[in-house]
1. For residues in segment 268-282 being touching a Gly at 6+ places or on another chain (Cβ under 7 Å) and surrounded by 19 or more Cβ atoms within 10 Å (Cβ to Cβ), which is nearest to residue 315 (Cα to Cα)?
2. Only residues that are within 17 Å of residue 185 (Cβ to Cβ) and not small (Gly, Ala, Ser): list them for segment 136-167, please.
3. Check whether at least one residue in segment 64-72 is among the β-branched types (Val, Ile, Thr), within 17 Å of residue 145 (Cβ to Cβ), outside any strand (DSSP E or B) and at pLDDT 95 or above, and report yes or no.
4. Would you point out which residue out of 35, 84, 28 is away from ligand 2 (no atom under 14 Å from the Cβ) and either touching a Leu at 6+ places or on another chain (Cβ under 9 Å) or among the hydroxyl-bearing types (Ser, Thr, Tyr) (or both)?
5. Could you identify the single residue in 169, 213 that is away from ligand 1 (no atom under 11 Å from the Cβ) and in a loop (DSSP other than H, G, I, E, B)?
6. Kindly establish whether residue 27 is out of contact with any Phe, Trp or Tyr (no Cβ under 9 Å at 6 or more places or on another chain), over 25 Å from residue 328 (Cα atoms), in a loop (DSSP other than H, G, I, E, B) and touching a residue at least 12 places away in the same chain (Cβ under 8 Å).
7. Provide a single number: the residues in segment 80-102 that are within 10 Å of ligand 1 (Cβ to nearest atom) and aliphatic (A, V, I, L, M).
Amino acid sequence: METRVEIADFENWRAAAAEAVKALKAGEIVAVPTETVYGLAADAFNAEAVAKVFEVKERPSFDPLIVHLAKASDLARVAEVPEEIAPTVRRLTTAFWPGPLTLVLPKTPAVPDIVTSGLPTVAVRVSKHEVMRAIAKDLGNPVAAPSANRFGRISPTSAGAVMAELGGRIPLIIDGGACADGLESTIVAVEAGEKRPTIRILRPGPVTREQLREFGRVVKAGRVTDRPEAPGGLEAHYAPAPPLLLFDRPEDFVPEAGKRYGLLSYRGEPRDGYHGRHAWAHVEILSPGRGKLAEAAVRFFFALRKLDASGVDAIVAEPVSEVGLGVAIMDRLRRAAAGSRDSS
Ligand code: TXA
Ligand code: MG
């Protein structure tokens, strides 16, 4: 299959969105930009189209998809918000939509079971990316879209990265430029609490724990369902081809003779203990000299992809501090390391 790329720049984005809508209406799947990572989109109400998403991604059927709405007032089409959490859900959607916050809520019968992998809940958000919202609006149905990578691989933050992942497998990529956030949305479930509602973070992301505190008692994942795999993703994920190594302390890294190591560095500072430690074969720096977590987040998957392609035998990753966006970055690093362990 030939994969066409439509550029959705300032002048052309409406035409590009129209191309995407045409394909989606025909039951095709299309890679689309969002502010977090690129998504592989299908009409959420077309079960056969959604099945193609699973097939092309090689995604196991037990891992449910995120549904994207054109606007917050469409929520009732896919979710039945229980009364006891409705005020909190409204506050959250008002504060963060459109944006990188995904809510897990009880689903309506309109959402096909294949979208939610048979779960009674649906994960839903409104993307900040204008092109993605225009597509959902003109399609007239919610858009189911997981990240546009093959299962277990690095999420794509550019149309080029989508092409590397899925070129030849899908008919169309809408190129809306580099993703502004660079990490997948924060996923939360809301529960009514005795005094305050509980906001359970199922996957850390661009909306941070600190930002969510205003809306309830914030707790970390655990499990939302009794299926360990489904909610918030599998432990092993984001795996580059060479193993990714994470150490508690830089001194714990002991290179094996003859092996070429790449470094994923936060600031590129020798005083952080990694940069000057070894004759690295390839170095990627997330926030050169500055140490800004937002910059590191935007560049994260891009840098990981470059290290992946660099031909090194293993990648050593510097940890970042676990505050704000650092929580989401460390989550992705740990899963990438877990993925490496599983496949080696
Ligand atoms: O930023 C994002 O969220 C991107 C863009 C494209 O919107 N999408 C994304 O989708 O990251 P995906 O499929 O790669 O990750 C969705 C995660 C999965 O880990 C899945 O297990 C979880 O959402 N999820 C989906 N439905 C769920 C549900 N009903 N309950 C718990 N977790 C759910
Ligand atoms: Mg994904």
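1. First pass over segment 268-282, keeping only residues touching a Gly at 6+ places or on another chain (Cβ under 7 Å): 268, 270, 275, 280-282.
With surrounded by 19 or more Cβ atoms within 10 Å (Cβ to Cβ) added as a condition, the list becomes 268, 275, 280.
Numbers: 268: 15, 275: 13, 280: 10 Å.
Step by step, filter segment 268-282, then rank; the result is 280.
2. First pass over segment 136-167, keeping only residues within 17 Å of residue 185 (Cβ to Cβ): 136, 142-149, 154-157.
142, 143, 146, 149, 154, 156, 157 - these are the residues of segment 136-167 that are within 17 Å of residue 185 (Cβ to Cβ) and not small (Gly, Ala, Ser).
3. First, the residues of segment 64-72 that are among the β-branched types (Val, Ile, Thr): 66-67.
Narrowing the set further to residues that are within 17 Å of residue 145 (Cβ to Cβ) leaves 66-67.
If we keep only those that are outside any strand (DSSP E or B) as well, we get none.
There is no residue in segment 64-72 that is among the β-branched types (Val, Ile, Thr), within 17 Å of residue 145 (Cβ to Cβ), outside any strand (DSSP E or B) and at pLDDT 95 or above.
4. Working: 35 fails: either touching a Leu at 6+ places or on another chain (Cβ under 9 Å) or among the hydroxyl-bearing types (Ser, Thr, Tyr) (or both); 84 fails: either touching a Leu at 6+ places or on another chain (Cβ under 9 Å) or among the hydroxyl-bearing types (Ser, Thr, Tyr) (or both).
It is 28.
5. On the way: 213 fails: in a loop (DSSP other than H, G, I, E, B).
The match here is 169.
6. Details: out of contact with any Phe, Trp or Tyr (no Cβ under 9 Å at 6 or more places or on another chain): yes; over 25 Å from residue 328 (Cα atoms): yes; in a loop (DSSP other than H, G, I, E, B): yes; touching a residue at least 12 places away in the same chain (Cβ under 8 Å): yes.
Yes: the conditions hold for residue 27.
7. 1
This table checks each residue for (1) modelled with pLDDT under 95; (2) part of a loop (DSSP other than H, G, I, E, B); (3) of a type in the set (A, V, I, L, M, F, W, C); (4) buried (at least 19 other Cβ atoms within 10 Å of the Cβ).
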| position | (1), (2), (3), (4) |
| --- | --- |
| 77 | no, no, no, no |
| 85 | no, no, yes, yes |
| 88 | no, no, no, yes |
| 91 | no, no, no, no |
| 94 | no, no, no, no |
| 109 | no, yes, no, no |
| 119 | no, yes, yes, yes |
| 123 | no, no, yes, yes |
| 137 | no, no, no, no |
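The values are calculated or read from the model by the stated rules, or taken from the named source; none is laboratory data. What you see is a predicted model, and the numbers here were worked out from it, not measured in a lab. Glycine also receives a Cβ, built like all others from the backbone with ideal geometry; neighbour counts cover every protein chain displayed.
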